[in-house]
Each structure stands twice: as C-alpha cells, then as structure tokens.
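Written below as structure tokens is the structure these notes are about.
Values quoted throughout were computed directly from the atomic coordinates according to the rules given, and no laboratory measurement underlies them. Keep in mind that what you see is a predicted model, and the values were worked out from it rather than measured.
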Amino acid sequence: MSIVIHHGHPGSYKSFGVLQRHAIPALKEGRTVVTNIRGFDSLEKVEDALNETLPEEAAILNVNTEGRDEKDYMARWFHWAPQGAMVIIDEAQAIYPAKRKDFKPENLDYPGGADQAKQDERPADMFEAYDMHRHYNWDVFLCTPNISKVHMDIRQAAQVAFRHYSMGELLPWKKGKWREVEHDPENNGKAKSHAYGVPKEYKSDPTIFATYQSTKTGDHQSNQGPQSVFKDKRVVGYLSLSVISLLVFAYLAVSIFQRERAYSPVDPADIQSIDAAGPDALSDGRDVRDPQADPENGGRLAQDRHPHPFQDAALRIAGNVNHAYLFHGQDRQGDFSLTQRDLFSYGYRVLYLRPCYAQLWWEGEKVQDIFCQRDRIREPDPRPQIEPDTYALPNPLMKAKEEA
C-alpha cells in the first residue's frame, strides 16, 4: 500500500501510465478503482478494449470533478471509498491546491468528529487518511502537471514521486514511450541530484487509450511539452552539413581505397631490383649497374612503358624523416641527391611502405621500386707517412736575450 505522485508536462503519459501499470492490473485482481479520470467509468469499456472479462468483484467508482463541490467531494474520498480500493486522483493540484487560501485541510474532517470516524472505521481527517492509508489497504496515486502546486502535506505523506518525460517528440523513433525519474516528493525532481537511480522507460499499450478520455473532446492530443530537436532549423542545418561532410569524406576515402586496390600488391622478394655488378659495384654503397653495361637489367628503367623525368636514373633511399624520404640517385652523368619534395615538384607520388622500401608512381602507375642503399665494408685508407720535423723550434726568449 503506497502513496505515489506522478507529475510532468501535458502529454507525458501520467494518467495513462497509472492506468496501464496500476489501475488495469488492479481491476484484473478484482479490486475497486476510485478515480476522477475522465472517461474511465465503465467496466464494459475496459473489457471491450482489453478483449477479456474482468472478475465480478472488480468495480470502478468515477467522480466528475468539474465543479468546486465535486472537487471537495473527491478530496474527501476517505469518507466513502471502500477499504482496499485503489484511489487515483487526476489533476491533484486542483483537488489539494498548495496556494489557494480558501483550501483548508480541516474542512475535510470526517462528519461527527473523531468519535464518529472511529465508530465508522474511517480516518478522522486528511492527515490521518494519508498517514494511515495502509490500515485501510488503500493505494493512492496522484497525477499533476506541476508537483509544486500540490499541497505540501500531501507531498510529505507520499512515499515517492515520478517525473514523466515523453520520448516521442524528442526522438521520433521513441514514439509511444515515456520515462519516469524517481525522486523525493518534497522536491520537484528537476535537478540531477534529486533522481533516485536510473530513469526507467515504458512503452504504451494502444488499447489503453480506448478505456478513458485524456481531453473533454475524447481526442488524445500529441505532446505539447519539449519539442523535437529536429524542428529547430539550426539543428537541422548543422546535422545536414555534418551528414554531407561525412558523405564527401566517405566518398573520397572509398575512391582512394579503390584506387589503391586497383594495383596489385608487390612482394619485395619478387621485385627485380638493380643488382650490383660484381667487382664493378660501387664501394660506397651506391648499388647501381651502368645501364650501358647491362641493357637487360640496367636498361629496364629506360625501356619503361611510361616515360617520366627520372626514367634513366636509379634511386636509392638515403634516409627518412617522419616518413619523408631522402634519396640518392645515379644516372649516366653521375651521382645526385634529391628529397621527396623535389620528386613531388616533378609530379611524382612516393608511396611509403617501409623505412627502406618505397614505390615511385607517375601518373597513376608504379614506375620504380626504391630501396635503401647497401652499406659496403671498405678497407681503411693507409696511414700517411709523415717525416718528423728535425729542426728545433725557435725560442723567442733566447732571441730577445741576444738582441739585448
């Protein structure tokens, strides 16, 4: 047996949630439901909506609270509600207002005083009814758009409160769902520190809409609370720009990937590199054969199907800094050096594979594999034979003494 307050903006499934989660199960258990929810007044209506038969003990006592007297009658529900009933008060801020000066809890006392209430087995006043509801097996649920407008004595008697959020307007794919944030009834539940645990999400059963009327016209209006973020033109503009940017980036990335996949990978072990020419190889590590000496191998670059500026040159990697290569080259005229930026200025594209393995591309085609220079072991040069100077060094002090 408990007292619970459900609050939130209009259309946040307050009354709906109480009916779906509490009132309908109570009727299925054969309990009596006392409520002022508009339209929830017939067992036949509930049975038709659920397509099932309720127990004979089940009952609905509905109170129309349009007028002031009817509101006062609903506020005195503990005078006449059957013991063991479930009491659901909609628009609780109008039944127990916090700021209306003419509302006084003592006006709700049981007729005849405490003695008559004891004789009739009823609470003597509103405070006793809400503080001792367990003695009468009552469950009390109050629904309101603003919990701050509900009388503080009622809020202090409640065990817990739930702040409702409709998810359908904020996120279109969450239509028909809402969240409840549990908090202490004495605060409004708006601050994060007020929440107990993690918000729980619920999904609405469309059949429940047929059991009551959320408005006087009977039409269930959409949520008029927080609006969808997609209705803000600025948000839509930012999202559109982000999506377009992602699509362009994806298109460029896929294009580059497909272009790279179009060329078959080369196994370094299968690459026909320019071999050293036996004893004629350069001793300083520049491993290049003279193209004229070996046209089958050294002339391979000159016979490339795609002419390019360094077609007649053999390049070697001299080093690299942050994946940017330094190259040493040799052609028929001799040795030369150049950087990766120099190759870019000619129109080449250098593909970094390993610190000692790169590929030279020209107009979308690979034209040369480039490797590091081979370090050759060279014998040290002979030490120079220098004859020692046998002449004595002049002593400036002796010379000064002789002049004196």
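Rg and Dmax of the stretch 1-130, based on Cα coordinates, read 15.6, 46 Å. From the Cα gyration tensor of the stretch 3-231, with a ≥ b ≥ c the square roots of its eigenvalues, which class applies: rounded if a/c is under 1.5, or else prolate if a/b is larger than b/c, or else oblate? Cα axes put the stretch 3-231 in the oblate bin.
With the convex hull constructed from alpha-carbon coordinates only, the stretch 72-196 shows a mean projected area of 8.9 nm² over all directions. Please work out whether the stretch 149-217 counts as rounded, prolate or oblate from its C-alpha gyration tensor, where a ≥ b ≥ c are the square roots of the eigenvalues and a/c under 1.5 means rounded, while otherwise a/b larger than b/c means prolate and anything else oblate? Oblate is the answer for the stretch 149-217, as a/c is 1.5 or above yet b/c matches or exceeds a/b.
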